[in-house]
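So the structure is just underneath, and the comments pick up after that.
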Amino acid sequence: MLYQDQFWVGQDGYVHPLAEMHQEYRLNVLAYLERHAERLAHQRDRYIRSAGVWRDGRPRVFPSPADWIVSTPFVIALRAHIAVAEAIDGEVVSVTLDDDVRQVAARLLLERHGSGDDGR
C-alpha cells in the first residue's frame with residue numbers, strides 16, 4: 001500500500017516506476033484500469049471485507065466503480081504523469097484534469113522544471 005502512487009506492477013510481476021514508464025504504456029495501463037474498474041472494485045471490496053479493514057468501521061462509498069478507480073492515488077498520479085508528458089513548454093494544456101490530478105501534475109512540473117525562481 002505504501003508508494004501506491006509511484007509504481008505499477010505488471011502481469012509479469014515486474015515493478016514499473018511510474019516516472020520511468022513510456023507514455024504509451026501509461027495510456028495502456030489507464031485504459032486497462034478504466035475497462036476493468038468494476039471487477040477491480042469487486043475484488044477490493046471482497047478483500048477489505050475479509051480483512052476487516054474498512055476505514056472507521058464502514059466502507060467509503062463511491063457512486064460507481066469508475067468513480068472509485070479515478071479516485072485512487074495510483075490513477076491520480078498516472079493521469080498527472082500523462083498530462084505532464086503532454087505538456088507544452090512546461091504547461092499542462094488539458095482542461096479535463098480533476099483538482100487532485102492537477103495538483104500532482106503541478107508538483108511533477110515543478111520537480112522537472114524547477115520553481116522558475118532564479119533567486120532574485
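Worth a mention:
- The one condition in (1) more than 22 Å from E111 (Cα to Cα); (2) touching a strand residue (DSSP E or B) at 6+ places or on another chain (Cβ under 9 Å); (3) at pLDDT below 90 that Y47 fails to fulfil: (2)
- Residue match in the stretch 69-78 (condition: within 19 Å of V9 (Cβ to Cβ), among the aromatic types (F, W, Y), modelled with pLDDT of 85 or more and in a helix (DSSP H, G or I)): yes
The values are calculated or read from the model by the stated rules, or taken from the named source; none is laboratory data. Bear in mind that the values here come from a model prediction, so they are computed numbers and not experimental data. No Cβ is skipped: glycine too gets one built from the backbone with ideal geometry, and neighbour counts run over all protein chains shown.
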